1. When the residues of region 78-97 are narrowed to those that are assigned to a helix (DSSP H, G or I) and of a type in the set (D, E), which ends up nearest to L26 (Cα to Cα)?
2. Restricting to region 129-142, count the residues that are crowded, with 16+ Cβ neighbours inside 10 Å and of a type outside the set (D, E).
3. Quick check on my filter: what residues within region 74-90 are within 24 Å of K19 (Cα to Cα) and surrounded by fewer than 17 Cβ atoms within 10 Å (Cβ to Cβ)?
4. Only one of A111, A107 is in contact (Cβ under 8 Å) with a residue 60 or more places away in the chain and more than 18 Å from P27 (Cα to Cα); which?
5. Pick from E93, E109, E121: which is surrounded by fewer than 19 Cβ atoms within 10 Å (Cβ to Cβ) and either modelled with pLDDT of 85 or more or under 19 Å from L6 (Cα atoms) (or both)?
6. Looking only at region 98-130, how many residues end up being part of a helix (DSSP H, G or I), within 18 Å of Y71 (Cβ to Cβ) and hydrophobic (A, V, I, L, M, F, W, C)?
7. Could you say whether any residue in region 37-52 is of a type in the set (K, R), over 18 Å from Y146 (Cα atoms) and either crowded, with 16+ Cβ neighbours inside 10 Å or modelled with pLDDT of 95 or more (or both)?
8. Take region 1-35 and flag every residue that is of a type in the set (S, T, Y) and surrounded by fewer than 21 Cβ atoms within 10 Å (Cβ to Cβ).
Amino acid sequence: MEKVVLQTQSTSETIRIGKSIGSLLLPGDVVALVGELGTGKTQLIKGLAVGVGVGKPTYISSPSFTLINEYAGKVLFYHIDLFRMKSEKEAEELGLEEYFQGGGITAIEWADKIPSLLPQEMLWIHIRYTGKHTRSFEIIAKGKRYEALLKGFEESRGQGVKQTSQT
């Protein structure tokens, strides 16, 4: 398992990280995000959407009430927000596996609410507060596809990335 840890100091940095990752995503990829309320999950997803070719990030909003928003771009982009989900059983009724196995890219906020429903291979991103405007992003590649993606992300970012590898 590969892991990269990054620090950001602003919303624009968070969006840039998302854009960099998004530019490397392929149809069928799943990105699972976890973190406290207000840590920047939706901002990161705005960047992911831009990176995969969805129009302006200002149109991306958290689908807290509809649960799933679909955006057209170079490839379909599914933004799933499970904040209001009370149980995995409730989430089972959404047919999430169809999104995970479909031809689009899926980004899930509050992914830790559905651990048994998530695919085994995915990109897992844990966002933590480190200060009023600063955040820590722990990006974990689960599976060979995502290890390659994370390596490409590191190469595109160059210096300033702290990496730890675990097998």
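1. Step one: list which residues in region 78-97 are assigned to a helix (DSSP H, G or I), which gives 88-92, 96-97.
Retained after the next criterion (residues that are of a type in the set (D, E)): 88, 90, 92, 97.
Details: E88: 27, E90: 28, E92: 24, E97: 17 Å.
Per the stated criteria, the residue is E97.
2. Step one: of region 129-142, the residues crowded, with 16+ Cβ neighbours inside 10 Å are 135-142.
Checking the rest, the ones that are also of a type outside the set (D, E) come to 135-137, 139-142.
Residues meeting the conditions: 7.
3. Just the residues of region 74-90 that are within 24 Å of K19 (Cα to Cα), to begin with: 74-83.
Matches in region 74-90: K74, F83.
4. Details: A107 fails: more than 18 Å from P27 (Cα to Cα).
Result of the check over A111, A107: A111.
5. On the way: E93 fails: either modelled with pLDDT of 85 or more or under 19 Å from L6 (Cα atoms) (or both); E109 fails: surrounded by fewer than 19 Cβ atoms within 10 Å (Cβ to Cβ).
Criteria check complete, one pass: E121.
6. 1
7. Kept after step one, since they are of a type in the set (K, R), are these residues of region 37-52: 41, 46.
Remaining after also requiring over 18 Å from Y146 (Cα atoms): 41, 46.
Imposing the further condition that a residue be either crowded, with 16+ Cβ neighbours inside 10 Å or modelled with pLDDT of 95 or more (or both) reduces the set to 41, 46.
Checked region 37-52: at least one residue is of a type in the set (K, R), over 18 Å from Y146 (Cα atoms) and either crowded, with 16+ Cβ neighbours inside 10 Å or modelled with pLDDT of 95 or more (or both).
8. Initially, region 1-35 is screened for residues of a type in the set (S, T, Y), giving 8, 10-12, 14, 20, 23.
Residues satisfying the conditions are S10, T11, S12, S20, S23.
The values are calculated or read from the model by the stated rules, or taken from the named source; none is laboratory data. Here the structure is a predicted model, which means the values were calculated and not measured. All Cβ positions, even for glycine, are placed from backbone atoms using ideal geometry, and neighbour counts span all protein chains on display.
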